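Contents: one structure, followed by commentary.
The values are calculated or read from the model by the stated rules, or taken from the named source; none is laboratory data. Please read these numbers as outputs of a predicted model, since none were measured by experiment. All Cβ positions, even for glycine, are placed from backbone atoms using ideal geometry, and neighbour counts span all protein chains on display. Each accessible area value is taken on the protein alone, full model and side chains, heavy atoms only, with ligands, DNA and RNA left out. Shrake-Rupley method; radii C 1.70, N 1.55, O 1.52, S 1.80 Å.
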Amino acid sequence: QVQLVESGGDSVQPGGSLRLSCATSGSTFVINDMGWYRQTPGKERELVALINRGGVSNYAESVKGRFSISRENAENTVYLQMNSLRLEDTAVYYCYARGALATFWGQGTQVTVSS
């Protein structure tokens, strides 16, 4: 079993920046994709950004140019640098990891953008 623990969520003003981190613990095996999803009340969880072991990443259109995902394969850690935050970025952000046979989710970290 793999546990994902997110950190870095906070409240910021529009235009501000935050950096989310997600560390893994538990059974160690090869994790392929890692990434971030987000969810707001009444809406489905949506993809924010994904990155594979080779470092290839993809982003939701709404965050392109503002967010940047990175990972450290040796530590199975993934980061999300969020710049130029907007009110609509407010959500619970969930870390995601996909192994060969299973996927895992973190417990979520709240990001609130408000003036």
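Key figures for this structure:
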item: In order through segment 2-19: 3J(HN,Hα) via Karplus (6.51 cos²θ - 1.76 cosθ + 1.60), integer Hz, x for Gly, Pro; result: 10, 10, 10, 10, 8, 8, x, x, 6, 9, 9, 8, x, x, x, 10, 9, 10
item: Positive minus negative residues near D33 (Lys, Arg vs Asp, Glu; Cβ under 13 Å); result: +3
item: Residue order for E6, E44 - accessible surface, 1.4 angstrom probe, largest first; result: E44, E6
item: Among S25, S68, S17: highest mean-square fluctuation, GNM of the chain, C-alpha pairs under 10 Å; result: S25
item: Probe 1.4 Å, protein heavy atoms only - accessible area per residue of the chain in square angstrom; result: 52 Å²
item: Cut-off under 5 Å, modelled amide H: who pairs with G108 long-range; result: E6, C95
item: Of all accessible heavy-atom area on the chain, the percent that carbon and sulfur account for (1.4 Å); result: 47 percent
item: Segment 30-36 - phi-based ³J(HN,Hα) in whole Hz, Karplus 6.51/-1.76/1.60, Gly and Pro as x; result: 5, 9, 7, 7, 10, x, 9
item: Amide H contacts of F67 (H built 1.01 Å from N, under 5 Å, at least 5 apart or other chain); result: N83
item: Other-chain or far-sequence residues with amide H under 5 Å of G99's (modelled H); result: N32, F104
item: Surface accessible to a 1.4 Å probe, K64 within the full protein complex, Å²; result: 100 Å²
